[in-house]
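Remarks on the structure that follows.
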Amino acid sequence: MTLDSLKVGTSAVITAVGGDGALRCRLLDMGLIPHTRVTLQKIAPMGDPIEIRVRGYELTLRVEEAQKIEVEGELK
């Protein structure tokens with residue numbers, strides 16, 4: 001499943017980061033690397049963007065970007 005499919009308050013572990021060139025590098029630079037735990041904190045009223053918690057800080061991503069991040073192990 002992808003990061004955008006999590007429900008608010010649930011956590012998962014990143015398994016793969018997709019995207020091409022600069023986008024993939026930017027996602028990796030922000031700490032979104034495989035084996036990292038992320039939690040979906042909020043979804044904007046219109047559904048885009050989403051806010052996640054990763055490595056102790058909040059990060060806002062567009063849904064389009066979140067769809068490129070594969071996660072597994074939806075946890076409470």
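The values are calculated or read from the model by the stated rules, or taken from the named source; none is laboratory data. None of these values were measured; they are calculated from a predicted model. These accessible areas exclude ligands, DNA and RNA; they are computed on the full protein's heavy atoms, side chains included. Shrake-Rupley method; radii C 1.70, N 1.55, O 1.52, S 1.80 Å.
So how long is each side of segment 12-52 along the principal axes, counting just the alpha-carbon atoms, biggest first, in Å?
Per principal axis, max minus min of the Cα coordinates gives 30, 21, 13 Å.
Keeping the other protein chains in place, figure out the carbon and sulfur percent of the accessible area of the chain, with a 1.4 Å probe. Provide the component values of the computation, followed by the final result.
Numbers: 2330 of 4480 Å².
With neighbouring chains kept in place, the figure for the chain is 52 percent.
Could you work out how much longer the chain between Glu74 and Thr10 gets when fully extended? Use 0.36 nm per residue separation minus the Cα distance between them, nm to one decimal. If you can, show how the numbers build up before the last one.
Numbers: separation 64, 0.36 × 64 = 23.04 nm, distance 0.64 nm.
That pair, Glu74 and Thr10, stretches by 22.4 nm at full extension.
Could you tell me what % of all Cα pairs in the chain have separations over 20 Å?
Everything past 20 Å amounts to 18 percent.
With every protein chain present, what is the per residue accessible area of the chain (1.4 Å probe, Å²)? Walk me through the intermediate numbers first.
On the way: 4480 Å² over 76 residues.
Value returned for the chain: 59 Å² of accessible area per residue.
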